[in-house]
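Enquirer: Below is the structure I would like to discuss, written out as structure tokens.
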Amino acid sequence: TPIWDRLVLYSSNTPDKADFAEMIKTQRVEYDFQSATLSDLQQLIADAESAAIEQLGDSFIGFECIALACHGPPKEADGDADEGEADVGFEWKISENIVIHDDKELLDERNLVRKLMMSLGYAVLP
């Protein structure tokens with residue numbers, strides 16, 4: 001039985017995904033790295049909240065914590081040029097549709113990564 005008041009959202013491109021998922025003892029939801037949109041991820045969060053309410057009833061008022069498990073930027077896109085490597089800048093893909101290239105992008109209220117982070121934050125206990 002999972003721990004319902006905690007959530008792990010994990011990417012379909014996670015290496016050794018079956019082993020990874022098996023280790024998670026909380027509520028867990030896989031998303032499709034290739035196609036997931038902001039709406040898709042927000043719906044997965046809402047569905048997980050509904051599942052927690054179904055299991056825990058009125059005692060559920062928000063997640064204790066949420067982990068977003070996806071690969072960070074690949075080595076060549078970590079913002080630092082290593083020896084023999086061209087500097088291609090920073091890039092973090094949460095999915096093919098939700099990507100950030102600079103932390104300053106998070107200041108823009110229209111940015112999809114910011115919107116996702118806000119959705120995750122609103123789903124956690126105050």
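The values are calculated or read from the model by the stated rules, or taken from the named source; none is laboratory data. These numbers come from a predicted model, not from an experiment. Don't worry about glycine lacking a Cβ; one is built from the backbone with ideal geometry, like all the others, and counts go over all protein chains shown. Please note that ligands, DNA and RNA were not included when accessible areas were found on the heavy atoms of the full protein model with its side chains. Shrake-Rupley method; radii C 1.70, N 1.55, O 1.52, S 1.80 Å.
Enquirer: Select from the stretch 74-101 the residues that are under 20 Å from residue 120 (Cα atoms) and open to solvent by less than 70 Å² (accessible area, probe 1.4 Å) and write down the one among them that is modelled with the lowest pLDDT.
Expert: Here the residue is 92.
Enquirer: Can you name every residue in the stretch 6-51 that is part of a strand (DSSP E or B) and surrounded by 19 or more Cβ atoms within 10 Å (Cβ to Cβ)?
Expert: Within the stretch 6-51, 6, 7, 8, 9, 10, 11, 27, 28, 31 meet the criteria.
Enquirer: Please go through the stretch 13-54 and give me each residue that is of a type in the set (S, T, N, Q) and at pLDDT 95 or above, ordered by number.
Expert: The answer is 26, 27, 34, 35, 37, 39, 42, 43, 50.
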